[in-house]
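The values are calculated or read from the model by the stated rules, or taken from the named source; none is laboratory data. Please read these numbers as outputs of a predicted model, since none were measured by experiment. Glycine gets a Cβ as well: all are built from the backbone with ideal geometry, and neighbour counts include every protein chain shown. Surface areas here come from the heavy atoms of the whole protein model, side chains and all, with no ligands, DNA or RNA. Shrake-Rupley method; radii C 1.70, N 1.55, O 1.52, S 1.80 Å.
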Amino acid sequence: IPVIVDRGLIGQVLTNLLQNAADSLEQRVERDGDAAPAPTICAQIEEGARFWRLKISDNGIGLPREDRARLVDPYVTTRAKGTGLGLAIVKKIVEQHGGELTLGDADERSGLDGAEVTVRLPKPAARRKTDEDKSDNGEAA
């Protein structure tokens, strides 16, 4: 899949997102015990016209509906042992690559009822076009 990225930084994004999903699964098992569904994490890559889209879904405890957008702010966490830096770092790295991070609920049609995190990264030609658009508007590329 041709995408121009910093391999180490995107590796950090994947590590953080998968760790969050695993932690959420663990919390669901602690909360629901034997009634908890089999822990599942699903990672999908989709190709769009201008972007690559990575979706990580799980059937963990999900994301809070209230103040969800604040979860990407530094030091904001819903976990007792969390630092609140994981999603803030992910957001920063994704934005440095010209992409977007979206936090949501897993699609019930997938059979999962936890969280879904989507990372959109521009294809190389789309990224160049975005940089050109910024230059045309007087913004730094």
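Quick look at the values:
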{"item": "Residue that is most open to solvent (accessible area, probe 1.4 Å) [pool: residues in the range 90-101 that are outside any helix (DSSP H, G or I) and over 24 Å from Thr40 (Cβ atoms)]", "result": "Glu100"}
{"item": "Residue that is open to solvent by less than 40 Å² (accessible area, probe 1.4 Å), on the phi > 0 side of the Ramachandran plot and either free of Cβ contacts under 8 Å to residues at least 12 places away in the same chain or not polar (S, T, N, Q) (or both), where the choices are Gly33, Gly11", "result": "Gly33"}
{"item": "Residue in the range 74-89 that is out of contact with any Ser or Thr (no Cβ under 7 Å at 6 or more places or on another chain), open to solvent by less than 70 Å² (accessible area, probe 1.4 Å) and closer than 19 Å to Asp107 by Cα present", "result": "no"}
{"item": "Selection status of Glu116, at pLDDT 95 or above and either outside any helix (DSSP H, G or I) or in contact with a Cys (Cβ under 9 Å, 6 or more places away or on another chain) (or both)", "result": "yes"}
{"item": "Residues (farther than 19 Å from Glu95 by Cα, part of a strand (DSSP E or B) and hydrophobic (A, V, I, L, M, F, W, C)) located in the range 34-53", "result": "Ile41, Cys42, Ala43"}
{"item": "Test: residue in the range 54-65 that is within 19 Å of Lys92 (Cβ to Cβ), touching a residue at least 24 places away in the same chain (Cβ under 8 Å), assigned to a strand (DSSP E or B) and in contact with a Pro (Cβ under 7 Å, 6 or more places away or on another chain)", "result": "no"}
